[in-house]
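Below: one structure, written as structure tokens.
The values are calculated or read from the model by the stated rules, or taken from the named source; none is laboratory data. Everything quoted here is computed from the prediction, not taken from an experiment. Neighbour counts are summed over all protein chains in view; Cβ atoms, including those assigned to glycine, are modelled from backbone coordinates with ideal geometry. The area values use the complete protein model at the heavy-atom level, side chains included, leaving out ligands, DNA and RNA. Shrake-Rupley method; radii C 1.70, N 1.55, O 1.52, S 1.80 Å.
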Amino acid sequence: MEYFDSLESNFPPIADYAFLSDCENTCLVAPTGAIEWMCLPRPHDPSVFGMILDRGAGTFRLAPADRAVPAHRQYVPGTMVLNTTWQANTGWLAVHDFLAVGRWYRDGERLPHYRRTPSDHDARHLLIRTATCLHGTIEVVVDCEPAFDYGREDAHWEYTGTGYESVATTNATQPHLTLSGDVRWGIEGRAVRARRRLSEGESFYVVMGWTDDPQPTSRPEINAHLAETSRFWRGWMDEGRFPDHPWRELLQRSALTLKGLTYAPTGALLAAATTSLPEQVGGTRNWDYRYTWIRDSAFALRALRSLGFDTEADDFLGFLSDVLEPAWGGRQPRNDLRVLYPVDGSETPDEIELDHLTGYTASRPVRVGNAAHHQVQHDILGAIVDCIFEHTRTRDSLSERSWRIVVQAVETALARWREPDRGIWEMRGEPQHFTFSKVMCWVAVERGARLARLRGDTQRADAWFAAANDIHQDICDHAVDQRGVFVQSYGSTELDASVLVLSLVDFLPPDDPRLRATVFAIASELAHGAYVYRYQTASADDGLGGEPEASFTVCSYWLVSALVVIGEVDLARSHYERLVASASKLGLYAEEIDPLTGRQLGNFPQALTHLAMVNATLRLIRADTGDGHPHTRAAGALSWWDAAGKEGRTIPMPFDEIASALVSLGNEGEGTPA
């Protein structure tokens, strides 16, 4: 234990890292001013800076020479630009860090890895760091020490000009890094270093690039990159719909984080930016989350859609079509839907352990790749169809490509819902009949039936509605214990926080006694105050021998949402305020929170946590304001979707009733702009 304690002090708390993104690459910045995690050229590739997993695995630090603790850190409002203020003995320093995004500049050039429709902006593949003396004088040091391939290969450097202003790596099989700026670099082994003393008003910049794209060579160009990057993030934020509420800033930071986890070339969305940050200090629950989980992505995009961001859902559905449809020119059957994919849609690498790394705070093993890609998890089918279902509500249209995904997912759910699987928590024990998986199969079939009805495919809609009723009845017959509480799996007595989602997908009415009993049972038996555990690890067959873990923050926010649904708004608000207070100072969440210490644990930042926070926040705001219809257009007219009958989910609505409802809506809306 003393060894763990001493090593732990060498690592910053997970919540103290800042997250930067250009929607193609990401990095984490420690409070010391060091880039401690960055993988190139893709998010799941080996790290270039990996100090977060081993103090010798590479870093890139810019900070005052005599300080390791900053005076203040914040994001420039509405952006992913980090502003760090330092106070030293003789002066004050401001540092800005950002991954540059600029206007689309590739006229006449197509990129082989870019699969989505190009937008007006593109990642510049540049990490830019600026330092400005605010008061007095201050000595600033820059230390760039990459360690390629998770720290297994030292960087080799050479000067690229006649002076000391630019250097580049020469490693033949590794990303080609270039480093420039208005400093003089010195090459010292695998590191390059610079040192400058600044007086009030003076500044300098450093730029690291990893492609052949042009780099800025003057301060005006740096300022232009900063302005353009800020303009990109704020322009994206302007496209959303955020309530005029004290929690608006919390929603905006979570939305920016989710956007930062997207991979613009394909539309995929990372589960998290890191691998192997532990769910228990010194434990073995250390997994690689640098992939796109179909379930997490679908849930995240539903959260973004609720804030008015629809393009991300379009792009993700395009990514799904890419991985499901065979290559051009053939009539092969569609590919099976997998649990997770690399963000470029390639094959997921097998899970391996990196024995040469110490791990964060001696938490080993460090894993890369993820064995869950071999698992069967039926719940992803419901997540996908529900994502398309919700997306259709805002678009009043359903593309043929999306409909093919719906048909494939529903038919797969119908074929497999009676079979056991590994569940949402990716159990490494024996497959079971998990309640959450069954419910999400019901979601797939029920939402699919409603989409079929709106396409006019009444025969398919009737068949799917009937099948959804069968699944619903089976769940109610086999997943409820003697107390009237939904349990983890058929025949089990174990609770599982995932069944809180029953209240969020309208599986039962809010006043159903089984639903209320389930919410209260989880709040009583799986929670420590506002902090909810996934399940009892000591008795669950998850393949990890009962190893403990902290509370799962997504489950904690699910409880907040569930409490709102069943009318316990005051209790929900109390839990919510505790959870918000547990966010990092920069408004970020990892996967878990230790209820006893408040410490964040697990991979960081976590998309699933942020999306659950967005949904819980919006539910609470609607409960407070009495806005019970989130699908109302700006003009106040309900969409044609609602005319199909929100309440008639499992009772097919005749076409003449739909037509009558549409006519009624049209009459009520006369004189109202479309």
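Across segment 370-386, which residue is surrounded by the fewest Cβ atoms within 10 Å (Cβ to Cβ) among those that are touching a strand residue (DSSP E or B) at 6+ places or on another chain (Cβ under 6 Å) and not in a helix (DSSP H, G or I)?
Of everything passing the filter in segment 370-386, VAL376 is surrounded by the fewest Cβ atoms within 10 Å (Cβ to Cβ).
Residues are listed down the side, and each one gets a yes or a no for (1) hydrophobic (A, V, I, L, M, F, W, C); (2) at positive phi; (3) open to solvent by 50 Å² or more (accessible area, probe 1.4 Å):
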residue: CYS39; (1), (2), (3): yes, no, no
residue: HIS44; (1), (2), (3): no, no, no
residue: ILE52; (1), (2), (3): yes, no, no
residue: TYR75; (1), (2), (3): no, no, no
residue: ASN83; (1), (2), (3): no, no, no
residue: ASN89; (1), (2), (3): no, no, yes
residue: VAL95; (1), (2), (3): yes, no, no
residue: GLY102; (1), (2), (3): no, no, no
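One line per residue, one yes/no per condition, for (1) surrounded by fewer than 16 Cβ atoms within 10 Å (Cβ to Cβ); (2) at pLDDT below 95:
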residue	(1), (2)
GLY151	no, no
GLY163	yes, yes
VAL167	no, no
THR170	yes, no
THR178	no, no
GLY181	no, no
ARG184	yes, no
ILE187	yes, no
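Go through segment 407-424 and give me each residue that's touching a residue at least 40 places away in the same chain (Cβ under 8 Å), within 20 Å of GLY456 (Cβ to Cβ) and surrounded by fewer than 23 Cβ atoms within 10 Å (Cβ to Cβ).
VAL407, GLN408
Yes or no: segment 331-350 includes at least one residue that is under 20 Å from the mean Cα position of the chain (by Cα) and of a type in the set (Gly, Ala, Ser).
Yes, the conditions are met somewhere in segment 331-350.
Quick one: count up the residues across segment 374-398 that are in contact (Cβ under 8 Å) with a residue 60 or more places away in the chain and over 22 Å from ILE471 (Cβ atoms).
5
Suppose the filter is acidic (Asp, Glu) and either closer than 30 Å to THR617 by Cβ or in contact with a Leu (Cβ under 6 Å, 6 or more places away or on another chain) (or both); does ASP344 pass it?
So ASP344 does not fit the description; no.
Could you check ALA583 against (1) open to solvent by 20 Å² or more (accessible area, probe 1.4 Å); (2) over 16 Å from the mean Cα position of the chain (by Cα) and say which number it fails?
All conditions pass for ALA583, except number (2).
Looking only at segment 416-469, which residues are among the small types (Gly, Ala, Ser), under 27 Å from the mean Cα position of the chain (by Cα) and at pLDDT 95 or above?
Scanning segment 416-469 gives SER437, ALA444, GLY448.
Take the residues of segment 467-490 that are assigned to a loop (DSSP other than H, G, I, E, B) and in contact with a helix residue (DSSP H, G or I) (Cβ under 7 Å, 6 or more places away or on another chain): which is farthest from LEU414 (Cα to Cα)?
This residue is ARG483.
Return the residues of segment 515-550 that are surrounded by 21 or more Cβ atoms within 10 Å (Cβ to Cβ), of a type in the set (Ser, Thr, Tyr) and either assigned to a loop (DSSP other than H, G, I, E, B) or out of contact with any helix residue (DSSP H, G or I) (no Cβ under 8 Å at 6 or more places or on another chain) (or both); say none if nothing qualifies.
Scanning segment 515-550 gives TYR533, TYR535.
Being farther than 30 Å from SER498 by Cα and crowded, with 22+ Cβ neighbours inside 10 Å is true for just one of TRP233, TRP293, TRP210, TRP287. Which residue is that?
Residue meeting the stated conditions: TRP233.
What are the pairs, 6+ residues apart or on separate chains, where a residue within segment 183-212 that is without any contact (Cβ under 8 Å) to a residue 24 or more places away in the chain and closer than 23 Å to THR170 by Cα has its Cβ under 7 Å from a residue that is of a type outside the set (Ser, Thr, Tyr) and in a loop (DSSP other than H, G, I, E, B)?
ARG184/GLU165
Could you list, in sequence order, the residues of segment 349-361 that are open to solvent by 10 Å² or more (accessible area, probe 1.4 Å) and either modelled with pLDDT under 95 or not in a loop (DSSP other than H, G, I, E, B) (or both)?
Correct list: PRO349, ASP350, ILE352, GLU353.
Listed here are the residues, each with its yes/no results for (1) open to solvent by less than 40 Å² (accessible area, probe 1.4 Å); (2) modelled with pLDDT of 95 or more; (3) over 30 Å from THR553 (Cα atoms).
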| position | (1), (2), (3) |
| --- | --- |
| ARG197 | no, yes, yes |
| VAL206 | yes, yes, yes |
| PRO214 | no, no, yes |
| ILE222 | yes, yes, yes |
| THR229 | yes, yes, yes |
| ASP238 | no, yes, no |
| LEU250 | no, yes, no |
| LEU270 | yes, yes, no |
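Please enumerate the residues belonging to segment 104-123 that are open to solvent by 50 Å² or more (accessible area, probe 1.4 Å) and basic (Lys, Arg).
Matches in segment 104-123: ARG110, ARG115.
Would you mind stating whether LEU502 is touching a Leu at 6+ places or on another chain (Cβ under 7 Å), under 18 Å from SER437 (Cβ atoms) and touching a residue at least 24 places away in the same chain (Cβ under 8 Å)?
yes
Taking the condition buried (at least 18 other Cβ atoms within 10 Å of the Cβ), among the hydroxyl-bearing types (Ser, Thr, Tyr) and over 30 Å from GLU547 (Cα atoms), does SER346 pass?
Judged against the criteria, SER346 is not a match.
Step by step: first the residues of segment 297-318, then only those that are under 13 Å from the mean Cα position of the chain (by Cα) and open to solvent by 10 Å² or more (accessible area, probe 1.4 Å), then the one that is modelled with the lowest pLDDT. Which residue is that?
ARG302
Quickly run through segment 491-514 and pick out the residues that are in a loop (DSSP other than H, G, I, E, B) and either under 20 Å from ALA413 (Cα atoms) or under 30 Å from the mean Cα position of the chain (by Cα) (or both).
GLU494, LEU495, ASP496, LEU504, VAL505, ASP506, PHE507, LEU508, PRO509, PRO510, listed by residue number.
Working only within segment 425-457, note down all residues that are part of a loop (DSSP other than H, G, I, E, B), touching an Asp or Glu at 6+ places or on another chain (Cβ under 9 Å) and either of a type in the set (D, E, K, R) or surrounded by 24 or more Cβ atoms within 10 Å (Cβ to Cβ) (or both).
Answer for segment 425-457, where residues must be part of a loop (DSSP other than H, G, I, E, B), touching an Asp or Glu at 6+ places or on another chain (Cβ under 9 Å) and either of a type in the set (D, E, K, R) or surrounded by 24 or more Cβ atoms within 10 Å (Cβ to Cβ) (or both): GLU426, ARG428, GLU430.
Give all pairs with beta carbons closer than 6 Å in which a residue from segment 554-570 that is closer than 14 Å to VAL505 by Cα meets a residue that is open to solvent by less than 10 Å² (accessible area, probe 1.4 Å) and hydroxyl-bearing (Ser, Thr, Tyr); count only pairs at least 6 apart in sequence or on separate chains.
From segment 554-570, the pairs are ALA562/SER503; VAL565/SER503.
Being part of a loop (DSSP other than H, G, I, E, B) and either modelled with pLDDT under 95 or under 21 Å from PHE242 (Cα atoms) (or both) narrows it down to one of LEU586, LEU618, LEU579, LEU611, so name that one.
LEU586
Taking segment 16-37 on its own, how many of its residues are assigned to a strand (DSSP E or B) and at positive phi?
0
Within segment 528-536, does at least one residue satisfy the condition of being among the small types (Gly, Ala, Ser) and over 27 Å from GLU446 (Cβ atoms)?
For segment 528-536, residues among the small types (Gly, Ala, Ser) and over 27 Å from GLU446 (Cβ atoms): present.
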